[in-house]
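Note sheet for the following structure.
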Amino acid sequence: MIIGKIWRSFKAQLNKLANYFWTVDPIAQMQYEYDQAIEQLKGGKEGLAQYRALVERVARQVQGDKKHVAQLESKVKAYLQAGDRETASKFALELQKAKAEMAENVGQLEMHETAYNNNITKIKRATGKVAEIKEKIQKYDAEIKMSRAEAELADLAGTFNFDVTTDLGQIESILQQEIDTNRGKARVSADLSEEGLEEIEREAGVESAMADDALKQFEMEMGMITPQTANVSEATKDLGQRQTETN
């Protein structure tokens, strides 16, 4: 009684362990069953080949029996035609035994041929079933991987929530703030680059006027022009500029 209870408990634990492995990786279990079926098919084909060799031996024996029967029939006929009934009767008895043996071998051959053909049909069917199992393994493997990927994507879709209250939302806000700060610095730099341009332009105008006066002073000192000529030239220059601006 105690041993029986222990054995039943042990088998229950083994069943739980088997169920655990089945649920952890069912595709691997299907692949294992497929491999086992392939091994069984290989063994079945080898056994069928050996059985076929037996059928061939029986078939050759039947062919030999037929030749032996034909030879005995010829001998019986020959001795009857020769009038030697005693010898003919001996061969007739041997012929009778040969025909009985041939009939038995023919029956054996038919039985073996039928069994062989039945086994061929079974193995062909089993091969087709194994092929279906392989297709199912590939199909379920692809489907389970796709379903797992879809489930992971669904989880990621919930994780990648850029709401301001989530970590990703806060990170995005910090990044946007840094981008705005960098753009602000660039704008300030651009605005400062234009500061002082008017003053620089005025200084450049003053320097140009001073350079023109210095040139006139040099020309007067060298006697190239007189103060009156300088004023006339300046007036002519101003008049030309006004006409140009008017046009």
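The values are calculated or read from the model by the stated rules, or taken from the named source; none is laboratory data. Bear in mind that the values here come from a model prediction, so they are computed numbers and not experimental data. Please note: Cβ atoms are built from the backbone with ideal geometry, for glycine as well, and neighbour counts cover all protein chains shown.
Filter the range 35-66 for residues that are of a type in the set (Asp, Glu) and at pLDDT 90 or above and give the result. Write out each step before concluding.
Step one: filter the range 35-66 for residues of a type in the set (Asp, Glu), giving 35, 39, 46, 56, 65.
Scanning the range 35-66 gives Glu56, Asp65.
Among Gly83, Gly43, which is the only one that is loosely packed, with under 13 Cβ neighbours inside 10 Å and either under 30 Å from Met111 (Cα atoms) or among the β-branched types (Val, Ile, Thr) (or both)?
Gly43
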Looking at Lys77 and the list (1) surrounded by fewer than 15 Cβ atoms within 10 Å (Cβ to Cβ); (2) farther than 24 Å from Val106 by Cβ, which single condition is not satisfied?
(2)
Of (1) at pLDDT below 90; (2) surrounded by 13 or more Cβ atoms within 10 Å (Cβ to Cβ), Glu101 satisfies every one except (1)
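Looking at Glu203, Glu178, Glu207, Glu172, which is the one that is among the acidic types (Asp, Glu), under 60 Å from the mean Cα position of the chain (by Cα) and at pLDDT 75 or above?
On the way: Glu203 fails: under 60 Å from the mean Cα position of the chain (by Cα); Glu207 fails: under 60 Å from the mean Cα position of the chain (by Cα); Glu172 fails: at pLDDT 75 or above.
Selected residue: Glu178, the only one of Glu203, Glu178, Glu207, Glu172 that is among the acidic types (Asp, Glu), under 60 Å from the mean Cα position of the chain (by Cα) and at pLDDT 75 or above.
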In the range 219-236, which residues are at pLDDT below 75, in a helix (DSSP H, G or I) and surrounded by 10 or more Cβ atoms within 10 Å (Cβ to Cβ)?
Glu219, Thr229, Ala230, Asn231, Val232, Ser233, Glu234, Ala235, Thr236
